[in-house]
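> Here you go, one structure.
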Amino acid sequence: MNATVFVVDDDASVREAVSSLLRSVGYDVAGFATTGDFLLVERGQQPSCLVLDIRLPGASGLDLQRELLALGSHPPIVFITGHGDIPMSVAAMKDGAVEFLTKPFREQDLLDAVHTALEIDRRQRAEGEAFAVIRQRWETLTPRERQVMAQVVTGRLNKQIAGDLGLSEVTVKVHRAAVMTKMQVAGLPDLVRAADRLANDAAIQRA
């Protein structure tokens, strides 16, 4: 299936049972007893998710979830717990957990949750790759072309942009054409969509 499931549970019997189940349906599985052990491992390039016990010695599953979010690395998480702790489950779901399963859970429920988590990760990775391409194209623009692009996507006319930037309309047209070529877009709607994707990039906002 070309996907990896990381299992973090301090109970060796549970960890092995979950790992065995996941391997039986074709997933690559890596098991860990603590959150610290998991953090030492690279996720790699293939889709992955995390099956995580919420109560662990030392840092808890919720602590790990928050740490991953702070690091900007957030593999989809399926929480498992032997305690029906509603406040903890609410906190986990608010921070983006895919599912919260209470032991003992049905094997199919776990498999369904893992399948959903991996689909989410595949989508996030695809979106990340698409954003990286758009950002690389934006980085080829000159400072002036970036200024022109910023105005074009707001619907400003060439004449208005020329007045704002102290340029001739002909020069604006040249820059506008260069922007369309370098961003590899077919028209204004595509350029607007690209700009929307870039809008939340802090480095671009500072440029």
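The values are calculated or read from the model by the stated rules, or taken from the named source; none is laboratory data. Quantities reported herein were computed from a predicted structural model and do not represent experimental measurements. Methodologically, a virtual Cβ is constructed for each residue, glycine included, from the backbone with ideal geometry; neighbour enumeration extends over all protein chains shown.
> Looking only at the stretch 99-158, which residues are touching a strand residue (DSSP E or B) at 6+ places or on another chain (Cβ under 8 Å), in contact (Cβ under 8 Å) with a residue 24 or more places away in the chain and of a type in the set (D, E, K, R)?
Listed by number, the residues that qualify are K103, D121.
> While we're on this one: Return yes when H175 is assigned to a loop (DSSP other than H, G, I, E, B) and more than 17 Å from the chain's Cα centre (by Cα) and no when it is not. Before you say what the answer is, go through the steps one by one.
Working: assigned to a loop (DSSP other than H, G, I, E, B): no; more than 17 Å from the chain's Cα centre (by Cα): yes.
Judged against the criteria, H175 is not a match.
> Can you tell me how many residues in the stretch 32-64 are closer than 26 Å to A126 by Cα and surrounded by 18 or more Cβ atoms within 10 Å (Cβ to Cβ)?
8
> A follow-up question, please. Identify, by number, the condition in (1) within 23 Å of Q108 (Cα to Cα); (2) in contact with a strand residue (DSSP E or B) (Cβ under 8 Å, 6 or more places away or on another chain); (3) among the β-branched types (V, I, T) that V25 doesn't meet.
With respect to (1) within 23 Å of Q108 (Cα to Cα); (2) in contact with a strand residue (DSSP E or B) (Cβ under 8 Å, 6 or more places away or on another chain); (3) among the β-branched types (V, I, T), V25 is out only on (2).
> Still on this structure: When R122 is evaluated against the numbered criteria (1) over 22 Å from D63 (Cβ atoms); (2) modelled with pLDDT under 95; (3) surrounded by 13 or more Cβ atoms within 10 Å (Cβ to Cβ); (4) over 21 Å from the mean Cα position of the chain (by Cα), which criterion, by number, is the only one it fails?
Failed condition: (4).
> Can I ask one more? Do we find a residue being within 23 Å of P75 (Cα to Cα), surrounded by 14 or more Cβ atoms within 10 Å (Cβ to Cβ) and in contact with an Asp or Glu (Cβ under 7 Å, 6 or more places away or on another chain) anywhere in the stretch 127-147?
yes
> Does the stretch 155-164 hold any residues that are crowded, with 16+ Cβ neighbours inside 10 Å and assigned to a helix (DSSP H, G or I), and which are they? Before you say what the answer is, go through the steps one by one.
In the first step, residues of the stretch 155-164 are kept if they are crowded, with 16+ Cβ neighbours inside 10 Å; the result is 156, 158, 161-162.
Those that are crowded, with 16+ Cβ neighbours inside 10 Å and assigned to a helix (DSSP H, G or I): N158, I161, A162.
> In the stretch 1-115, which helices (runs of 4 or more DSSP H) lie fully inside it and hold 3 or more residues that are at pLDDT 85 or above?
12-24, 35-39, 61-71
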